[in-house]
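Asker: One structure follows; several queries about it will come next.
The values are calculated or read from the model by the stated rules, or taken from the named source; none is laboratory data. Computed from a predicted structure; not experimentally measured. Because the Cβ atoms are built from the backbone with ideal geometry, glycine has one as well, and the counts that use them run over all protein chains shown. Keep in mind that these areas ignore ligands, DNA and RNA; they rest on the heavy atoms of the full protein, side chains included. Shrake-Rupley method; radii C 1.70, N 1.55, O 1.52, S 1.80 Å.
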Amino acid sequence: MSAIEFYDTRTRSRRAFAPITPGHVRMYSCGPTVYGPPHIGNLRSRLFSDLLKRFLLSEGFRVTHVINITDVGHLVSDADEGEDKIEAAARRTGKSAEEIAAHYTQVWRDDGAAVNCLPPEHNPKATEHIPEQIDLAKRLEAGGYLYRIEDGLYFDTSRFPRYAELAHLDLAGQAEGARIGVTAGKRNPADFAVWKFAEAGVQRQQEWDSPWGRGFPGWHLECSAMADRYLGHHFDIHTGGIDLASVHHTNEVAQSECGYGVHPWVEFWMHNEFLDMGSEKMSKSKGNVRTLSDLVEKGVDPLAFRYFFLQAHYRQQQSFSDEAIQSAATGYRRLQAVARELGVADAAAGEPTWGAEEAAAVAELRARFRAALADDLNAPKAMAVVWEVARHDRLSPAARRDLLRGFDAVLGLRLGEARLAVADESGQDPRIDGLLAERQAAKKARNFAEADRIRDALKAEGIEIVDTPAGPEWRRGKPA
RNA sequence: GGCGGCGUGGCCAAGUGGUAAGGCAUGAGCCUGCAAAGCUCUGACCCCCGGUUCGAAUCCGGGCGCCGCCUCCA
């Protein structure tokens with residue numbers, strides 16, 4: 001078996017992967033800041049970490065996966081100024097910060113479940129780990145990494161020589177650029193807040209006492225503190241969107257390596273690329289973010305989005321468009337049809353038996369599927385193997401069923417399961433079933449005009465009739 | 001100004017030195033009362049120009065085009 005290789009952002013290279021503790025992988029994924037609905041780009045990140053986790057599980061590793069919920073401290077704008085996102089949303093809607101956070105945390109969990117992501121072993125909230133964050137800040141203060149200015153406690157990036165390492169930053173070059181805003185009092189442009197002081201006269205909903213006064217933690221602090229709490233000082237994999245590398249992750253590294261005295265803090269940094277939205281580029285300020293619910297409203301099965309995700313490599317920008325998601329939905333539907341016919345989800349099916357020749361073919365396909373994923377998680381290549389099995393005309397149904405079942409443990413497409421999507425159950429509505437019977441009778445009498453009339457009438461209601469070898473079925477889609 | 005990525009058939013997308021996976025769509029056929037579904041068949045001068053090589057989509061140089069990050073952002 002070939003070695004597992006993953007691309008690591010820090011070293012900008014693909015390396016053989018092996019967990020620090022044999023047999024046990026510890027990974028951390030940057031989760032949502034819960035001030036608004038997750039969009040499909042966020043979902044790509046979630047799906048990426050889920051695919052990674054499922055693959056590691058299929059390799060026999062025990063996996064401890066942590067995904068944080070950031071429910072405080074993420075500022076609306078520029079470096080370390082502006083309003084806290086959650087406080088801002090609360091003010092805008094008249095709800096409490098807790099209500100906002102609780103609501104969007106639930107949406108995030110529901111979306112993850114809808115696309116069949118495994119729940120993380122730990123899903124810690126920043127507000128429930130304030131002591132851990134204060135502890136880290138104290139460690140940094142003791143090490144002389146912090147300095148205090150008017151609005152908060154800042155990390156002095158010049159004290160950390162490896163600051164630019166993860167994202168390969170050219171700090172001097174950047175400083176010449178016009179886009180770096182400089183907060184008054186900061187020693188270096190890249191310095192960031194570890195603890196922010198509550199402003200006098202401004203009543204925040206979320207603030208805590210600390211050795212430095214009342215306030216709230218800086219955005220990056222919670223990830224370092226919670227990763228440490230659940231995974232220890234040194235762990236295997238940290239994932240997130242590519243945009244997080246240069247600021248958020250860079251700052252996490254600075255805090256963690258200086259605070260906990262480790263290097264490297266994380267063995268593999270894995271970043272997923274963005275969804276390319278083309279002309280309809282998503283922008284929260286423009287209010288045109290696309291969410292999973294938007295897709296569902298258009299009749300797209302959430303798992304069709306998962307299928308869509310699997311069609312491109314995670315480190316490649318993936319073009320999203322209605323046409324692209326619709327073709328994925330079609331492909332997914334067909335794959336499901338095959339899987340159902342094969343009984344992929346039928347628990348009753350016993351251990352398959354096959355001859356030596358077939359066993360060799362099965363082993364070869366299984367090896368290619370596994371090798372594709374071991375090759376820096378090349379999902380599209382693995383999907384090609386899936387289709388090869390789905391359309392194989394020489395393997396026995398039992399062999400194909402067994403292969404697809406094994407593949408799906410990693411893919412998470414719920415292959416072969418009866419899905420209750422928009423439209424599955426037929427035979428549940430007496431009126432429609434009655435009309436269907438009438439149509440059958442008309443067909444039998446070769447009165448096709450009447451048969452088609454019934455079909456058209458139902459279609460006008462958004463109900464589609466499909467004749468199958470087993471008889472007519474109907475399903476309710478969206479009204480045309 | 002700095003950092004990084006991409007440009008493969010109508011669309012999405014693998015492939016990083018030996019002459020192009022897969023999905024969707026299109027067209028033709030089979031099936032069907034008609035549809036739908038399903039099945040079979042169907043398509044590529046790999047952005048352009050140079051170079052290296054026995055051999056390049058794959059490496060190098062130069063163009064052109066597109067995108068992301070550096071500021072909250074997956």
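Asker: Go through the range A:238-253 and count every residue that is of a type in the set (D, E, K, R) and crowded, with 18+ Cβ neighbours inside 10 Å.
Answerer: Summing the residues that are of a type in the set (D, E, K, R) and crowded, with 18+ Cβ neighbours inside 10 Å in the range A:238-253 gives 1.
Asker: Go through the range A:142-171 and give me each residue that's free of Cβ contacts under 8 Å to residues at least 60 places away in the same chain and either assigned to a helix (DSSP H, G or I) or under 22 Å from A:GLY240 (Cα atoms) (or both).
Answerer: Across the range A:142-171, the qualifying residues are A:ALA142, A:SER158, A:ASP170, A:LEU171.
Asker: Test of understanding: among A:LEU47, A:LEU51, A:LEU56, which residue is without any contact (Cβ under 8 Å) to a residue 60 or more places away in the chain, farther than 22 Å from A:LEU221 by Cα and buried (at least 22 other Cβ atoms within 10 Å of the Cβ)? I'd like the intermediate steps shown before the answer.
Answerer: Numbers: A:LEU47 fails: without any contact (Cβ under 8 Å) to a residue 60 or more places away in the chain; A:LEU51 fails: without any contact (Cβ under 8 Å) to a residue 60 or more places away in the chain.
Selected residue: A:LEU56, the only one of A:LEU47, A:LEU51, A:LEU56 that is without any contact (Cβ under 8 Å) to a residue 60 or more places away in the chain, farther than 22 Å from A:LEU221 by Cα and buried (at least 22 other Cβ atoms within 10 Å of the Cβ).
Asker: Does the range A:139-151 include one or more residues that are touching a Gly at 6+ places or on another chain (Cβ under 9 Å), among the basic types (Lys, Arg) and over 14 Å from A:ARG46 (Cα atoms)?
Answerer: Checking the range A:139-151: at least one residue is touching a Gly at 6+ places or on another chain (Cβ under 9 Å), among the basic types (Lys, Arg) and over 14 Å from A:ARG46 (Cα atoms).
Asker: Filter the range A:27-44 for residues that are open to solvent by 20 Å² or more (accessible area, probe 1.4 Å) and touching an Asp or Glu at 6+ places or on another chain (Cβ under 7 Å) and give the result.
Answerer: Matches in the range A:27-44: none.
Asker: Considering every residue within the range A:8-23, establish whether at least one is touching a helix residue (DSSP H, G or I) at 6+ places or on another chain (Cβ under 7 Å) and among the basic types (Lys, Arg).
Answerer: Looking for residues that are touching a helix residue (DSSP H, G or I) at 6+ places or on another chain (Cβ under 7 Å) and among the basic types (Lys, Arg), one finds none in the range A:8-23, hence no.
Asker: Taking the stated definitions as given, is A:TRP387 within 11 Å of RNA strand B (Cβ to nearest atom), open to solvent by 20 Å² or more (accessible area, probe 1.4 Å) and either modelled with pLDDT of 95 or more or over 29 Å from the mean Cα position of the chain (by Cα) (or both)?
Answerer: yes
Asker: Taking A:HIS74 and the conditions (1) open to solvent by less than 60 Å² (accessible area, probe 1.4 Å); (2) more than 10 Å from RNA strand B (Cβ to nearest atom), which numbered condition does it fall short on, given that it satisfies the others?
Answerer: Status for A:HIS74: all satisfied but (2).
Asker: Output the residue which, of all residues in the range A:259-279 that are in a loop (DSSP other than H, G, I, E, B) and under 19 Å from A:PHE320 (Cα atoms), is nearest to RNA strand B (Cβ to nearest atom).
Answerer: Filtering the range A:259-279 for residues in a loop (DSSP other than H, G, I, E, B) gives A:261-265, A:273-274, A:277.
From what's left, under 19 Å from A:PHE320 (Cα atoms): A:273-274, A:277.
Working: A:GLU273: 7, A:PHE274: 3, A:MET277: 6 Å.
Only one residue fits best here, namely A:PHE274.
Asker: Something else: Looking at A:ALA363, A:ALA372, A:ALA418, can you tell me which residue is open to solvent by 10 Å² or more (accessible area, probe 1.4 Å), in the same structural domain as A:GLY299 (by TED's automatic domain parsing) and among the hydrophobic types (A, V, I, L, M, F, W, C)?
Answerer: Exactly one residue qualifies, and that residue is A:ALA363.
Results for (1) in contact (Cβ under 8 Å) with a residue 40 or more places away in the chain; (2) in a helix (DSSP H, G or I); (3) more than 26 Å from A:ALA18 (Cβ to Cβ), shown as yes or no for each residue.
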{"residue": "A:TRP354", "(1), (2), (3)": "yes, no, yes"}
{"residue": "A:ALA361", "(1), (2), (3)": "no, yes, yes"}
{"residue": "A:ARG370", "(1), (2), (3)": "yes, yes, no"}
{"residue": "A:ALA382", "(1), (2), (3)": "yes, yes, no"}
{"residue": "A:GLU388", "(1), (2), (3)": "no, yes, yes"}
{"residue": "A:HIS392", "(1), (2), (3)": "no, no, yes"}
{"residue": "A:ARG405", "(1), (2), (3)": "yes, yes, yes"}
{"residue": "A:GLU417", "(1), (2), (3)": "yes, no, yes"}
